[in-house]
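Beneath this line is the structure, given in structure tokens, with notes to follow.
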Amino acid sequence: MNAIGWWIPGKENPRAVDGALGEAVRNVSRPVYVVRASDGMAFAQDGSIVIGDRPDATADGCPLLAYAPPLHPAEFGDVSFKKTHRLRYAYIAGAMANGITSVEMVTEAGKAGMIGFFGAAGLDLDRIEAAIRHLQDALPDRPFGFNLIHSPQEPGHELATVELYLKHRIRCISASAFLQMTLPLVYYRLKGLHRSSEGEIVCPNRVVAKVSRIEIAKKFFSPPPEKIVSDLLNRRLITYEEAALAERIPMAEDLTAEADSGGHTDNRPALALLPTMISLKNQLSGKFKYAAPLRVGLGGGIATPESTAAAFAMGAAYVLTGSINQACVEAGMSETVRQMLAAASQADVAMAPAADMFEMGVKVQVLKRGTMFAVRAGRLYDLYRRYDSYETIPGPEKEILKRDFFPEGFSTEWQRTRAFFEQRDPSQIQKAEQNPKHKMALVFRSYLGQSSNWAITGNPSRRMDYQVWCGPAMGAFNQWVRGSFLEQPENRQTVTIAKNLLLGASVITRCNWLRHQGILPTGDSVRYTPLPLSELETYLNDSRQGPRDPGG
């Protein structure tokens with residue numbers, strides 16, 4: 001190999017490459033210099049280098065063959081994203097619904113210099129408010145957020161959720177499953193919008209959108225729709241100043257390109273989706289010339305050091321995890337499901353009708369192994385599509401419904417569904433009484449909604465009906481951790497997993513830098529095995545280099 005420069009010794013002598021390069025690459029706060037020593041190829045982690053011709057023919061040292069600079073995991077991602085959200089790491093623990101992304105998970109992420117979004121979707125307002133109070137007490141000076149899911153069947157609940165967030169000054173939300181901009185979402189974004197004493201636009205409420213379609217991404221990267229702004233102004237929900245400044249800001253500065261993921265997904269491939277979203281971001285940044293930068297992160301498939309490294313290599317401002325967090329001890333999920341997830345492979349997932357957008361035919365990705373939910377939910381949608389009421393369903397099909405879905409009968413299930421909507425949205429009852437097809441849809445949706453709760457509580461009598469949102473990332477994660485301490489669900493902690501992904505991404509990236517220069521790391525140097533948190537910190541808390549935690 002030809003030398004690319006010259007290495008000048010420091011306090012440490014070069015060491016042989018074989019057997020020790022893996023440890024050197026894991027020391028991510030120190031450089032790796034590969035040199036030609038008198039007894040063959042070696043590496044060093046101190047000293048200095050000169051790129052190009054040797055400056056002094058009499059100087060001590062060795063020809064430099066390759067080098068990898070320090071890459072602390074805190075250096076990944078967009079600097080402005082981390083500064084805006086007060087993060088050390090460009091890492092989001094995504095908002096899995098029904099409190100699966102729990103207050104405990106969000107708390108641990110926040111304390112570690114990351115951000116978690118509480119999974120508020122599917123919960124009633126009292127439960128959401130309790131989570132708000134808990135997190136405000138647990139993280140008074142640390143970042144956290146809440147989910148807001150598009151609710152086309154329950155617009156009143158979407159608005160009430162936003163009003164709750166505004167009341168408690170929740171300054172950051174994760175907006176998911178939106179098909180269009182809605183009045184509640186725009187209301188949240190605009191409330192409090194003003195100019196500072198220096199004339200700068202201040203927007204206190206931040207939206208982190210989660211999107212898989214470019215036409216929806218364009219809406220989030222554009223200013224709020226004028227029609228909705230006018231409607232809010234006419235309702236006196238926003239001021240004239242807030243309305244006037246609306247055209248100067250995007251609906252969201254941060255947008256997660258949601259690739260093949262658990263829950264709502266279009267199964268988009270990350271390698272195509274992320275560059276597409278970044279290209280759109282660049283186009284609209286130039287068009288609107290916002291004062292603050294637009295940013296694109298990646299979620300869906302983030303489950304290994306390689307996928308994490310790839311996301312940042314493609315230009316992701318941050319990464320977002322979802323499916324793998326469900327198997328963590330802090331997740332609002334039953335031990336039974338955690339065990340099921342730990343046994344899943346990449347192929348053990350399927351698409352099934354979504355409870356919140358059932359009538360629209362929208363689907364979610366769920367765990368297939370160990371549950372019949374995907375098949376049974378598909379049967380319900382087929383029946384809904386083919387028949388105008390429960391009464392017109394043929395007798396044999398009704399027998400299957402009674403056996404597998406509603407053991408106490410359709411009428412009893414309707415009474416329970418009716419009682420639910422008396423509290424949640426009484427207008428749905430009136431609509432159902434006038435339209436038997438809608439009544440059937442509400443009962444079918446009730447099964448879909450309860451199936452997630454059965455999984456969360458671990459109801460043993462309904463195990464075959466568990467709805468567990470899950471993408472192929474879960475299988476990739478299980479393959480990576482096989483044989484390590486993280487193979488056992490009881491050892492899976494949110495921050496331990498997150499830091500292993502980030503440190504592993506640093507190691508993978510540095511190995512690739514050396515590979516691109518002709519050095520071919522082998523064995524342990526190119527495999528990153530998960531480390532317990534105490535060992536992780538010896539690499540992450542190197543006092544010589546590496547960004548410190550902005551929150552502490």
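Values as computed for the structure displayed
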read-out	value
Of the criteria (1) at pLDDT 95 or above; (2) surrounded by fewer than 20 Cβ atoms within 10 Å (Cβ to Cβ), which one D266 fails	(1)
Elements of type strands (runs of 3 or more DSSP E) in the range 294-362, at least 3 residues being more than 17 Å from the chain's Cα centre (by Cα), under 30 Å from Y384 (Cα atoms) and outside the structural domain of G504 (by TED's automatic domain parsing)	349-353
Residue tally, condition under 12 Å from P305 (Cα atoms) and of a type in the set (G, A, S), over the range 476-527	5
Candidate set from the range 356-402 (those that are of a type in the set (G, A, S) and touching a strand residue (DSSP E or B) at 6+ places or on another chain (Cβ under 8 Å)); member that is nearest to W469 (Cα to Cα)	A374
Which numbered condition G77 fails, given (1) touching a strand residue (DSSP E or B) at 6+ places or on another chain (Cβ under 8 Å); (2) at positive phi; (3) surrounded by fewer than 21 Cβ atoms within 10 Å (Cβ to Cβ)	(3)
Flag for E242 being assigned by TED's automatic domain parsing to the domain that holds S285, in a helix (DSSP H, G or I) and closer than 20 Å to M360 by Cβ	no
Filtered residues of the range 422-437 (kept if touching a residue at least 12 places away in the same chain (Cβ under 8 Å), of a type outside the set (G, A, S) and surrounded by fewer than 20 Cβ atoms within 10 Å (Cβ to Cβ))	Q423, R424, D425, P436, K437
Filter result (in a loop (DSSP other than H, G, I, E, B) and either under 14 Å from I497 (Cα atoms) or hydroxyl-bearing (S, T, Y) (or both)) within the range 89-112	Y89, G94, T101, S102, A112
Members of the range 1-31 found to be out of contact with any strand residue (DSSP E or B) (no Cβ under 9 Å at 6 or more places or on another chain) and part of a helix (DSSP H, G or I), listed by number	G22, E23, R26
Counted residues, the range 464-490 - those being under 17 Å from M105 (Cβ atoms), touching a residue at least 60 places away in the same chain (Cβ under 8 Å) and assigned to a helix (DSSP H, G or I)	5
Close pairs from the range 78-100: first over 30 Å from S334 (Cα atoms), partner assigned to a helix (DSSP H, G or I), Cβ under 6 Å, at least 6 apart	R88/A74
Matching residues, the range 342-362, being closer than 30 Å to V481 by Cα, buried (at least 21 other Cβ atoms within 10 Å of the Cβ) and either in contact with a helix residue (DSSP H, G or I) (Cβ under 6 Å, 6 or more places away or on another chain) or without any contact (Cβ under 8 Å) to a residue 60 or more places away in the chain (or both)	A344, A352
Check on A97, within 41 Å of the chain's Cα centre (by Cα) and hydrophobic (A, V, I, L, M, F, W, C)	yes
Residues within the range 294-313 that are under 22 Å from S176 (Cβ atoms) and of a type outside the set (K, R), tallied	12
Which numbered condition E158 fails, given (1) in a helix (DSSP H, G or I); (2) among the acidic types (D, E); (3) closer than 25 Å to Y89 by Cβ	(3)
Given (1) of a type in the set (D, E, K, R); (2) crowded, with 17+ Cβ neighbours inside 10 Å; (3) closer than 30 Å to D348 by Cα, number of the condition K402 does not satisfy	(2)
Answer from G116, G47 - the residue that is buried (at least 17 other Cβ atoms within 10 Å of the Cβ), under 30 Å from A331 (Cα atoms) and of a type in the set (G, A, S)	G116
Residue in the range 186-193 that is crowded, with 20+ Cβ neighbours inside 10 Å and either touching a residue at least 60 places away in the same chain (Cβ under 8 Å) or under 30 Å from P269 (Cβ atoms) (or both) present	yes
Given (1) assigned to a helix (DSSP H, G or I); (2) touching a helix residue (DSSP H, G or I) at 6+ places or on another chain (Cβ under 9 Å); (3) among the charged types (D, E, K, R), number of the condition E408 does not satisfy	(1)
Meets criteria (surrounded by 15 or more Cβ atoms within 10 Å (Cβ to Cβ) and under 19 Å from I100 (Cβ atoms)) for P489	yes
Residue that is farthest from the chain's Cα centre (by Cα), among those in the range 161-186 that are basic (K, R) and part of a loop (DSSP other than H, G, I, E, B)	R169
Residue list for the range 220-279, restricted to those being of a type in the set (G, A, S) and under 30 Å from A352 (Cα atoms)	A252, A257, A259, S261, G262, G263, A270, A272
Selection count where residues are at pLDDT below 80 and within 11 Å of P9 (Cβ to Cβ), scope the range 44-59	1
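For every residue, the table says whether it meets (1) in contact with a helix residue (DSSP H, G or I) (Cβ under 7 Å, 6 or more places away or on another chain); (2) of a type in the set (V, I, T); (3) at pLDDT below 95; (4) over 22 Å from A313 (Cβ atoms).
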site	(1), (2), (3), (4)
T457	no, yes, no, yes
R482	no, no, no, yes
F485	yes, no, no, yes
I497	yes, yes, no, no
N500	yes, no, no, no
P521	yes, no, yes, no
Y528	yes, no, yes, no
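The values are calculated or read from the model by the stated rules, or taken from the named source; none is laboratory data. Model, not experiment: these values are computed from the prediction. Heads up, the Cβs are rebuilt from the backbone with ideal geometry, glycines too, and the neighbour counts pull from every protein chain shown.
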